[in-house]
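The structure appears right after this line, and notes come after that.
The values are calculated or read from the model by the stated rules, or taken from the named source; none is laboratory data. Please read these numbers as outputs of a predicted model, since none were measured by experiment. Ideal geometry is used to build each Cβ from the backbone, glycine not excepted, and the neighbour counts take in all protein chains shown. Ligands, DNA and RNA are excluded from the accessible area calculation, which covers all protein heavy atoms including side chains. Shrake-Rupley method; radii C 1.70, N 1.55, O 1.52, S 1.80 Å.
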Amino acid sequence: MAFSERVSRLKSSLIREILAAAQKPQVMSFAGGLPAEVMLPKLDWTDMPLNIGQYGMSEGEPQLRELLAAEARGLGIACKASQVMVVSGSQQTLDLAAKLYIDKGTKILLEGPTYLAALQIFQLFGADCLTVQLEADGPDLKALRHSLEQHRPSFVYLIPTFQNPSAVRYSEAKREAVAALLDEFGVTLVEDEPYRELTFDGGSAQPIVSRLKKASWIYTGTVSKTLLPGLRVGYLIASPDLFPHLLKLKQSADLHTNRVGQWQAMQWIGTEKYQHHLVELRSFYRGRRDAFQAALARHFSDLADWQIPQGGLFFWLTLKQPLDTRTLLAPALDQDIAFMPGEPFFSEPDNHHGHLRLNFSHIDPARLDEGLKRLAAVVRQAQHAQAA
């Protein structure tokens with residue numbers, strides 16, 4: 001088969017494989033970042049105009065772009081609707097950014113750990129993925145400066161608010177410092193904020209792109225975590241120098257995003273109904289987070305360390321006795337448990353053993369304690385075998 005050279009770099013998504021295994025009803029899954037199904041809002045289709053079934057604009061529905069621009073201005077991002085593009089989930093933003101910037105060997109800079117599906121797509125296009133280590137309040141600034149100075153990456157990809165997988169939220173000071181460094185070195189920022197609305201302590205922070213004075217930028221978000229992932233509606237907002245190139249790439253990718261999903265998003269964004277839904281969502285997930293924290297304290301306190309997430313959908317555990325957590329997958333699935341090993345969230349997985357990402361939003365609370373108990377037993381057994 002004469003496939004493209006790129007296909008040799010194509011890796012299957014471990015998370016999609018684990019999610020396939022987790023479909024069995026008996027499996028207790030901590031694996032995917034799935035919203036709780038009971039919190040997916042009921043959609044009303046009665047007033048959808050017929051013409052929504054027709055082809056649409058590549059940029060997205062004009063009214064939705066206006067609504068998204070207004071929301072972004074509320075976060076401090078100086079932008080017009082002409083800088084907004086509706087995409088097929090924020091995953092498409094990463095695909096478009098990769099196509100815009102990456103040739104084989106292009107240096108880019110990511111957090112360590114970082115979003116698994118971003119790594120997958122950047123590596124597919126042949127990027128040389130450099131990483132800067134995350135601290136409790138954001139990246140190690142000395143390491144960030146060193147990487148920008150030494151490597152001059154084509155772009156930096158960051159998830160500053162309830163980062164996936166670590167749940168880290170950058171401090172104000174780190175956001176300011178990161179913006180200043182990107183301006184100083186003239187490096188583009190791709191800022192990904194799928195979890196911004198899922199805050200449990202009421203705290204938030206202005207996006208880093210709103211603080212940039214010179215550097216180019218792409219900001220991306222989604223309705224997948226607040227409405228329905230199945231709508232596949234996300235958005236990007238880009239600095240004016242980048243937008244026309246991203247638009248051409250979008251046109252060649254899929255003509256336009258699903259208009260039916262866009263229409264549905266327009267019924268919510270900017271409305272009181274949406275604000276009320278977000279309040280309920282935060283309260284619901286805060287309760288699930290608290291129950292998860294209590295069960296973790298019961299079963300994992302001697303096995304791992306973790307921070308209590310102030311938002312998002314994940315706990316990030318660091319084992320006190322590290323091992324390759326990928327080796328735990330098969331024995332966990334034998335116990336009807338699915339989880340996400342930490343290694344694939346790093347560009348050099350074999351150098352970063354001993355982390356687990358656990359989702360707290362989706363599992364039935366009645367099965368939570370038993371699930372974590374079984375997972376803890378799998379970890380203990382592996383550690384005893386390793387020590388023997």
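Which is modelled with pLDDT of 95 or more and among the small types (G, A, S), of A117, A143?
The match here is A143.
In the range 323-345, which residues are without any contact (Cβ under 8 Å) to a residue 40 or more places away in the chain, of a type outside the set (D, E) and more than 24 Å from A118 (Cβ to Cβ)?
Residue satisfying the conditions is A330 alone.
So which residues in the range 225-246 are open to solvent by 10 Å² or more (accessible area, probe 1.4 Å) and either over 27 Å from L34 (Cα atoms) or within 13 Å of the chain's Cα centre (by Cα) (or both), if there are any at all?
Across the range 225-246, the qualifying residues are K225, P229, P240, D241, L242, F243, P244, H245.
Out of the range 249-276, which residues are over 23 Å from the mean Cα position of the chain (by Cα), outside any helix (DSSP H, G or I) and in contact (Cβ under 8 Å) with a residue 12 or more places away in the chain?
Passing the criteria: L255, Q267.
Could you run through the range 72-98 and say how many residues are assigned to a helix (DSSP H, G or I) and surrounded by 17 or more Cβ atoms within 10 Å (Cβ to Cβ)?
Looking only at that region, the number is 12.
Only residues that are under 22 Å from the mean Cα position of the chain (by Cα) and in contact (Cβ under 8 Å) with a residue 12 or more places away in the chain: list them for the range 279-297, please.
E280, L281, R282, F284, Y285, R286, R288, R289, F292, Q293
Which one of these does P244 not meet: (1) touching a Lys or Arg at 6+ places or on another chain (Cβ under 9 Å); (2) without any contact (Cβ under 8 Å) to a residue 12 or more places away in the chain?
(1)
Just the residues that are outside any loop (DSSP other than H, G, I, E, B), hydrophobic (A, V, I, L, M, F, W, C) and open to solvent by 10 Å² or more (accessible area, probe 1.4 Å), please, taken from the range 320-356.
Across the range 320-356, the qualifying residues are L329, A330, L333.
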